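Submitted below is the structure of interest, expressed as structure tokens.
The values are calculated or read from the model by the stated rules, or taken from the named source; none is laboratory data. Everything numeric here is computed off the predicted structure, so don't read it as measured data. All Cβ positions, glycine included, derive from the backbone under ideal geometry; neighbour counts span all protein chains shown.
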Amino acid sequence: MSFFKEKSVFTRRQFVKGSGMLVAAAVLTGVFAKFGFDAFAASDDYIEKRIAGMYSLDESMAIRKSHENPEIIQIYKEYLSPGEVKPVSEKAHHLLHTRYGKDIPDLMEHLKHDPTEAA
Amino acid sequence: MSDVTGKVLKHGEQTRTMHWVHLVCFIILGLTGIGFYFDVMGISNLFGGPANASLVHRWAGLVFTAGPAIYILLNFERFSKFADTISTFTKDDVGWLKTMGGYIPFLKTEEIPPQDKYNAGQKLLGGLIIVGCLLMILTGFPMWLWRHLVPPAFLAVCYSVHFWVAVILILAIAGHFFLAAIHPKSRVEFSSMMLDGYIDAEISAHHNEKWFAELEKSQ
């Protein structure tokens, strides 16, 4: 029985095509990586602009801290902690703090008994 | 059929090993990918649950990348010959595509043009697999290693490309499997790539006439 086998002849054309395919793969990798790095840079740029925008918006506000807000101070003095400004008072805790997730069923039960309490 | 007798070594040992490694990885990657993309617990559980399936997918992806890379480095000559064959299209290849090599029942043809070591369909599949695998690798690793660093928009592109290229590759490989292992006209190819590398010279002279003529001349 005769056996046929390819002879090891490596032509210039084959070398160029093999190398070309690897170069094309490297170029595609490079283009894709550039796309990724550009997207990363654009995202970073957006985040920095957003931070700058938030700071500039904050700086232009007349009242920049909630505990210095006259309306909040008045609400505490007149209702949440009568006669004084006491953050996280019992009433403030119940009215201003909410519950979520697995605490919701308890809250629903609680509201059934005391629907006047907001949270 | 011609009256040629003997055997032809069509695929060398390292090519067959690489094909096996890629095949096993592709099946694992396809199954795990389908399992956790479509949330098919039956498939994910074969790999120890969704979390383990995800781990298996990533490490199989690494072997899927390293296998051909090592093969190309160690067999650059063989790879270059493959690259040369699949990127060479002549009027014979166009003629094969017009008749689809006689594989499609309603596309009857009298004469199928002589083919190289790979027919025009195999050449297209070779190109598709190289480009497809490269895209899978390029989109896969950022999803694994840099998912917390890259912007969500870039990650979304990676997910979409990864998914749609996977769909195309799975369909293409299903067709490849059907023609190479099941179709009566071409299933003799199966043992050549999956077992000993040899194919009957008579079949090669018929299916790969141009390549076989060169082989005969060079003996």
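Could you please find all residues in the stretch B:80-99 being surrounded by 15 or more Cβ atoms within 10 Å (Cβ to Cβ) and over 24 Å from A:Phe15 (Cα atoms)?
B:Gly95, B:Trp96, B:Leu97, B:Thr99
Within the stretch A:1-14, take every residue that is outside any loop (DSSP other than H, G, I, E, B) and facing chain B (nearest Cβ under 7 Å) and give me the one that is farthest from B:Ala83 (Cα to Cα).
Of the residues in the stretch A:1-14, the ones outside any loop (DSSP other than H, G, I, E, B) are A:3-4, A:12-14.
Retained after the next criterion (residues that are facing chain B (nearest Cβ under 7 Å)): A:3-4, A:13-14.
Numbers: A:Phe3: 25, A:Phe4: 22, A:Arg13: 10, A:Gln14: 7 Å.
Taking the candidates together, the pick is A:Phe3.
How many residues does the stretch A:63-82 contain that are in contact with a helix residue (DSSP H, G or I) (Cβ under 7 Å, 6 or more places away or on another chain) and over 29 Å from A:Leu111 (Cβ atoms)?
Qualifying residue count, the stretch A:63-82: 1.
Consider B:Val21 against the criteria (1) part of a helix (DSSP H, G or I); (2) closer than 30 Å to B:Glu111 by Cβ: it satisfies all of them except one. Which criterion is unmet?
(2)
Quick check on my filter: what residues within the stretch B:166-201 are more than 18 Å from the chain's Cα centre (by Cα) and within 11 Å of chain A (Cβ to nearest Cβ)?
Residues satisfying the conditions are B:Tyr198, B:Ile199, B:Asp200, B:Ala201.
Then there's this: Just to check your reading of the model, which residue among B:Val56, B:Val40 is away from chain A (no Cβ under 14 Å), β-branched (Val, Ile, Thr) and under 18 Å from B:Gly140 (Cβ atoms)? Talk me through it step by step, then tell me what you get.
Values: B:Val40 fails: under 18 Å from B:Gly140 (Cβ atoms).
Matching residue, one of B:Val56, B:Val40: B:Val56.
Now for a different question. With the requirement that a residue be aromatic (Phe, Trp, Tyr), more than 9 Å from every other protein chain (Cβ to nearest Cβ) and free of Cβ contacts under 8 Å to residues at least 24 places away in the same chain, what does the stretch B:142-165 give you?
Here is the first cut: in the stretch B:142-165, the ones aromatic (Phe, Trp, Tyr) are B:144, B:146, B:154, B:159, B:163-164.
Checking the rest, the ones that are also more than 9 Å from every other protein chain (Cβ to nearest Cβ) come to B:144, B:159, B:163-164.
Matches in the stretch B:142-165: B:Tyr159, B:Trp164.
Give the stretch B:35-53 a look and list any residue that's closer than 22 Å to B:Leu171 by Cα, surrounded by fewer than 17 Cβ atoms within 10 Å (Cβ to Cβ) and not acidic (Asp, Glu), or say none.
If the condition is that a residue be closer than 22 Å to B:Leu171 by Cα, surrounded by fewer than 17 Cβ atoms within 10 Å (Cβ to Cβ) and not acidic (Asp, Glu), then B:Tyr37, B:Phe38, B:Val40, B:Gly42 are the ones that fit.
Of all the helices (runs of 4 or more DSSP H) wholly in the stretch B:46-134, which have at least 2 residues that are closer than 24 Å to B:Ile27 by Cβ?
Details: elements: B:50-74, B:76-86, B:91-99.
Helices (runs of 4 or more DSSP H) meeting the threshold: B:50-74, B:76-86.
If the requirement is being closer than 30 Å to B:Glu214 by Cα, within 14 Å of chain B (Cβ to nearest Cβ) and either surrounded by 10 or more Cβ atoms within 10 Å (Cβ to Cβ) or at pLDDT 90 or above (or both), which of these qualifies: A:Lys34, A:Lys17? Step through it out loud before you land on a result.
On the way: A:Lys34 fails: closer than 30 Å to B:Glu214 by Cα.
A:Lys17 is the lone residue from the list that is closer than 30 Å to B:Glu214 by Cα, within 14 Å of chain B (Cβ to nearest Cβ) and either surrounded by 10 or more Cβ atoms within 10 Å (Cβ to Cβ) or at pLDDT 90 or above (or both).
So for the stretch B:163-177 (the condition being out of contact with any Leu (no Cβ under 9 Å at 6 or more places or on another chain) and assigned to a strand (DSSP E or B)), does at least one residue qualify? I'd like the intermediate steps shown before the answer.
Going residue by residue through the stretch B:163-177, those that are out of contact with any Leu (no Cβ under 9 Å at 6 or more places or on another chain) are B:163-164, B:167, B:170-171, B:174, B:177.
So of that shortlist, the ones also assigned to a strand (DSSP E or B) come out as none.
Scanning the stretch B:163-177, I find no residue that is out of contact with any Leu (no Cβ under 9 Å at 6 or more places or on another chain) and assigned to a strand (DSSP E or B), so the answer is no.
Can you pull out every residue in the stretch B:202-213 that is within 13 Å of chain A (Cβ to nearest Cβ) and surrounded by fewer than 17 Cβ atoms within 10 Å (Cβ to Cβ)?
Taking the stretch B:202-213 and keeping what is within 13 Å of chain A (Cβ to nearest Cβ), we get B:202-205, B:208, B:211-213.
Hit for the stretch B:202-213 is B:Ala213, nothing else.
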